[in-house]
Structure formats: C-alpha cells, structure tokens
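Structure first, then comments.
The values are calculated or read from the model by the stated rules, or taken from the named source; none is laboratory data. This structure is a prediction, so every number in the text was calculated from the model and none was measured. No Cβ is skipped: glycine too gets one built from the backbone with ideal geometry, and neighbour counts run over all protein chains shown.
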Amino acid sequence: MAVVGGKGLKDGVGFFGETTASLVRAWLAVHPDPRPSTHLFVTSLGQALGEYGIVRILHRLSQRAGLARKIGPHALRHYAATAILRPSRHTIGKTSAVSGRPGVGEKD
C-alpha cells in the first residue's frame, strides 16, 4: 500500500498481512470512491481521514481494550517494529524498512 505524506511528510510503503489485505479488499468493494488516487481511510462524509482522526480512533480502541494508557500511531509503530525484530531471524534492516525509519548508520 502506498503511503503518501506519512511521518515527516515522506512517501513510503505500508506492509500488512493477508487478513488485513482481505479486509481492505472488502472495504474497497463498498468504498465511496475506490479509485487508486483516493484515500483509503475516509470519514463518514468521504473526506480523507486526517492524522488526528486516526489518533482518536486508536485512543478509543485502547480504552475499549482496557489498556492502561492510550496508544497512538507512534507507539503502535514501535510495537510493530519490536514484534518484527523479536524473532532472531529478522534483521534491523528489515525492521527499519517496515517501520519507515532509517537503519543503523543511515540518515533520515
């Protein structure tokens, strides 16, 4: 999935598994405007879901899950990177590619 204007307003690539891919395909089947040039995540009015809309959703889901603190996009990205790095077969290079952060010795 192409990420346009992500962290630091940089473009990149988002990775996800087959379960998420099937959910995205189901959403695109009913999306108000499923052309590739439109935003994947939209409000009920069909407008792009902005950064703070996503933060509010993550905070609400954190509370529903009974977590001790609210989780935002930054914490979620760190959790994903840690989960990828834990199995010893994954490298820091692979983790930095998924997290969108530079690897060891690379500049932002």
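Determine whether residue 81 is part of a helix (DSSP H, G or I), at pLDDT below 85 and closer than 24 Å to residue 17 by Cβ.
Yes: the conditions hold for residue 81.
Given the criterion at pLDDT below 80 and assigned to a loop (DSSP other than H, G, I, E, B), identify the matching residue among 44, 37. Explain how you work it out, then say what you get.
Working: 44 fails: at pLDDT below 80.
Testing whether each residue is at pLDDT below 80 and assigned to a loop (DSSP other than H, G, I, E, B) leaves just 37.
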Only one of 53, 8 is outside any loop (DSSP other than H, G, I, E, B) and in contact (Cβ under 8 Å) with a residue 60 or more places away in the chain, namely 8
Which one of 92, 54 is β-branched (Val, Ile, Thr) and modelled with pLDDT under 85?
92
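Yes/no per residue for (1) aromatic (Phe, Trp, Tyr); (2) free of Cβ contacts under 8 Å to residues at least 40 places away in the same chain; (3) out of contact with any Lys or Arg (no Cβ under 6 Å at 6 or more places or on another chain); (4) surrounded by 11 or more Cβ atoms within 10 Å (Cβ to Cβ):
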site: 19; (1), (2), (3), (4): no, yes, yes, no
site: 27; (1), (2), (3), (4): yes, yes, yes, yes
site: 35; (1), (2), (3), (4): no, yes, yes, no
site: 44; (1), (2), (3), (4): no, yes, yes, no
site: 47; (1), (2), (3), (4): no, yes, yes, yes
site: 60; (1), (2), (3), (4): no, yes, yes, yes
site: 69; (1), (2), (3), (4): no, yes, yes, no
